[in-house]
Amino acid sequence: MPSPVLIIGCGALGRELVALGRINGWRHVAVRLLPAGLHNRPERIAPALREAIEAGRREFRHVFVAYADCGSRGGIDRVCAEYGVERLPGAHCYVFLAGGDAFRGLADEEPGTFYLTDFLTRHFDRLVRRGLGLDRHPELMPQYFGNYRRLIYLSQADDPDLDARAREHARFLGLAYERRHCGLAPFNHAVTEHVVRWRS
């Protein structure tokens, strides 16, 4: 018998979603991920999500979307409304990975902040250096990052290697570096409050 709940999530949250299932002992939740690379083409997220929801509704009693708006300009919300499903709150994943109040404090403190997560730290070269063409056109750096002042690594894992890599990414971008360890607690709270009521 299939699990009653399907979480359709961004591939950038895959490790964290699997970890939440393990931490909470979820037996009633399955996870399917869309490619994280869609973030570089956010207009493609909503169509991919629609396909995933349609397929999921044929197998599962409840579907939940582990995405923020993610640059879709309301496209994700329109798809969710069309199918009557809920999604995580916020304009981007930093809100629920850091916690809403904590993130708002960081944004108010310095609006010109570029954020990294564990995933973005691991895949910075693919998604930022090459994804934005900075490896081929370094002259584009001021256009992309000229208004930023600092980089904050919102870490989920307490990993010195990732910390060193994030620090190097900040150096590459010419930004001041800070690390704020968030762990999984804020994300766990954001997801759990939606799925625990669907245990059966």
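The values are calculated or read from the model by the stated rules, or taken from the named source; none is laboratory data. Computed from a predicted structure; not experimentally measured. Virtual Cβ from ideal backbone geometry, glycine too; neighbours counted across all protein chains shown.
Key figures
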quantity	calculated
Odd one out for Val63 among (1) part of a helix (DSSP H, G or I); (2) surrounded by 16 or more Cβ atoms within 10 Å (Cβ to Cβ)	(1)
Residues that are assigned to a loop (DSSP other than H, G, I, E, B) and surrounded by fewer than 19 Cβ atoms within 10 Å (Cβ to Cβ), drawn from region 102-122	Glu110, Pro111, Gly112
Condition broken by Gly71, with the remaining ones in (1) of a type outside the set (D, E, K, R); (2) assigned to a loop (DSSP other than H, G, I, E, B); (3) buried (at least 22 other Cβ atoms within 10 Å of the Cβ) satisfied	(3)
Residue match in region 39-58 (condition: surrounded by 16 or more Cβ atoms within 10 Å (Cβ to Cβ), outside any helix (DSSP H, G or I) and at pLDDT 95 or above)	no
Test result for Val31, under 18 Å from Leu13 (Cα atoms), out of contact with any Asp or Glu (no Cβ under 8 Å at 6 or more places or on another chain) and assigned to a helix (DSSP H, G or I)	no
Within region 152-180, considering residues that are among the basic types (Lys, Arg) and in a helix (DSSP H, G or I), the one surrounded by the fewest Cβ atoms within 10 Å (Cβ to Cβ)	Arg171
Test: residue in region 140-151 that is in a strand (DSSP E or B), touching a residue at least 24 places away in the same chain (Cβ under 8 Å) and farther than 26 Å from Arg27 by Cβ	yes
Residue among Gly183, Gly99, Gly133 that is buried (at least 17 other Cβ atoms within 10 Å of the Cβ) and either of a type in the set (Asp, Glu) or on the phi > 0 side of the Ramachandran plot (or both)	Gly99
